[in-house]
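Peer 1: Following this message is one structure expressed as structure tokens.
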């Protein structure tokens with residue numbers, strides 16, 4: 001292949017990429033990053049300006065807690081800046097081991113395994129538990145990481161309508177697969193609703209299916225002492241593989257899978273996203289140990305969240321847009337059209353308030369929304385300011 005042919009192919013690719021970006025722009029779907037100049041919090045400086053932020057998943061306000069920061073510094077001094085290898089070579093530090101022990105005890109499951117991200121954890125657990133002879137049953141609004149994991153598993157997969165337990169039961173009853181696996185978010189990241197896990201587990205018991213629960217947005221927030229969605233429902237079963245995220249309510253980074261001893265051992269032996277990646281810096285694990293202590297001890301953070309959720313729910317609601325019901329820090333305001341959602345988000349930004357516009361494919365077409373994320377770092381006055389700004393944006397909207 002000569003240089004002329006290569007240049008032509010490059011030009012064609014560049015033209016196709018440019019055209020696709022223009023289509024995203026025209027459809028109101030092009031995304032842009034903002035740059036934080038300060039630690040995460042209720043009032044960060046973003047792109048050189050201070051905002052009141054309802055953007056982050058720092059639900060308990062721990063990302064900038066001085067005690068967590070101090071633990072991170074101590075962890076780096078003790079264990080260095082990086083792990084230096086994968087867990088199965090020489091990268092599994094004492095801090096990782098201690099964090100896994102404490103996580104298992106916290107969620108009251110036999111054993112836990114640490115991952116660098118929730119995405120990697122979901123890839124690991126689904127591809128380890130399901131293969132060509134399996135059938136996976138998945139909620140239609142599951143997170144993208146669970147959907148990608150299903151594709152990688154090469155299993156047959158069947159989607160059921162969002163939180164529709166009756167439909168799930170019918171599909172499980174018809175399945176002739178050798179192995180069945182039900183996969184669901186615990187708290188759905190764009191709707192803030194909680195999966196009916198008690199009823200789902202009952203179906204799994206009846207039809208001999210394993211259950212993967214992605215509690216990215218419930219860990220630290222739901223249940224007594226923030227132990228997560230299983231504690232929220234009072235569930236305990238060896239067929240559950242529980243995934244918790246450590247970069248949201250815990251305020252740091254990473255994720256873990258917890259469950260039966262043999263499940264965790266099999267993940268160590270078989271999960272490619274665990275075996276073939278460098279371990280996360282042990283300093284992060286050291287910081288997470290402190291974060292876990294604060295989650296358990298400082299119940300006022302969850303009480304503050306609950307009070308803010310109720311205050312927002314009681315506030316006068318926009319007439320044109322729908323504030324969905326949610327018992328979690330995720331409070332979606334359904335706008336509908338992509339452009340209108342972006343316009344409202346931009347109007348709030350001009351008033352110094354950041355609320356992200358969420359559009360397809362993250363949410364279904366016609367349900368573009370503002371995703372309001374509450375934090376224990378917010379005050380009631382912060383919520384009141386948001387409500388007033390939304391009222392003005394609605395009045396100004398054509």
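Peer 1: Among 21-27, 338-344, 319-325, 200-206, how do they line up from the highest to the lowest mean number of other beta-carbon atoms within 10 Å?
Peer 2: Result, highest mean first: 338-344, 200-206, 319-325, 21-27.
Peer 1: Using a/c under 1.5 as the rounded threshold, could you call the chain rounded, prolate or oblate? The axes a ≥ b ≥ c are square roots of the C-alpha gyration tensor eigenvalues, and prolate needs a/b larger than b/c, oblate otherwise.
Peer 2: rounded
Peer 1: Next question, about the same structure. Using 1/(1 + (r/R0)^6) with R0 = 25 angstrom and r between the beta carbons of residue 384 and residue 31, what's the FRET efficiency to the nearest 0.05?
Peer 2: For R0 = 25 Å, the calculated efficiency reads 0.25.
Peer 1: Also: Do you know the relative contact order of the chain, to the nearest whole percent, from alpha carbon pairs under 8 angstrom that are 6+ apart?
Peer 2: Reported as a whole number, the value is 22 percent.
Peer 1: With a ≥ b ≥ c taken as the square roots of the eigenvalues of the C-alpha gyration tensor of the stretch 273-338, please select rounded if a/c is under 1.5 and otherwise prolate if a/b is larger than b/c or oblate if it is not?
Peer 2: Since a/c reaches 1.5 but b/c is at least a/b, the shape of the stretch 273-338 is classed as oblate.
Peer 1: Report the full-extension gain for the segment residue 315 to residue 148: residue separation times 0.36 nm, less the Cα-Cα distance, to one decimal in nm.
Peer 2: Taking residue 315 through residue 148 to full extension adds about 56.3 nm, to one decimal.
Peer 1: Suppose R0 equals 25 Å; then what is the FRET efficiency for residue 98 and residue 299 from their Cβ-Cβ distance, rounded to the nearest 0.05?
Peer 2: That gives a FRET efficiency of 0.55.
Peer 1: Ok, one more. What full-extension length gain, to one decimal in nm, is calculated for residue 81 and residue 13 as 0.36 nm per residue of separation minus the Cα-Cα distance?
Peer 2: 20.5 nm
Peer 1: Classify the stretch 66-297: rounded, prolate or oblate, from the alpha-carbon gyration tensor (a ≥ b ≥ c, eigenvalue square roots; a/c under 1.5 rounded; otherwise prolate if a/b is larger than b/c)?
Peer 2: Verdict is prolate for the stretch 66-297.
Peer 1: Write down the percent of antiparallel bridges among all DSSP beta bridges whose residues are both part of the chain, to the nearest 5.
Peer 2: The antiparallel fraction comes to roughly 50 percent.
Peer 1: Got a sec? Which residues in the stretch 118-159 would a label at residue 237 touch, if it sits 7 Å along Cα→Cβ and we count backbone N under 14 Å?
Peer 2: From the stretch 118-159, the list is 137.
Peer 1: If you don't mind, there's one more thing I want to ask. For the chain, what does -39500 (n - 2.57) per DSSP helix run (n ≥ 4), summed and divided by total residues, give at 222 nm, in deg cm²/dmol to the nearest 500?
Peer 2: Mean residue ellipticity at 222 nm (helix-derived): -13500 deg cm²/dmol.
Peer 1: Turning to a different aspect of this structure: I want to check the label-to-label distance for residue 208 and residue 164. Put each point 7 Å from Cα in the C-beta direction and report it in nm to one decimal.
Peer 2: A separation of 2.7 nm, rounded to one decimal place.
Peer 1: Under 18 Å from a point 7 Å along the Cα-to-Cβ line of residue 108: which residues of the stretch 168-206 have their amide N that close?
Peer 2: It comes to 197-199, 201-202, nothing else.
Peer 1: Here is a further query. Roughly how far apart, in whole Å, are the Cα centres of the stretch 76-139 and the stretch 167-191?
Peer 2: Comparing the Cα centres of the stretch 76-139 and the stretch 167-191, I get a distance of 23 Å.
None of the figures in this text is laboratory data; all of them are computed from the coordinates on show. This is a predicted model, so every value here is computed, not measured. Cβ: placed from backbone, ideal geometry, glycine included. Neighbour counts: every protein chain shown.
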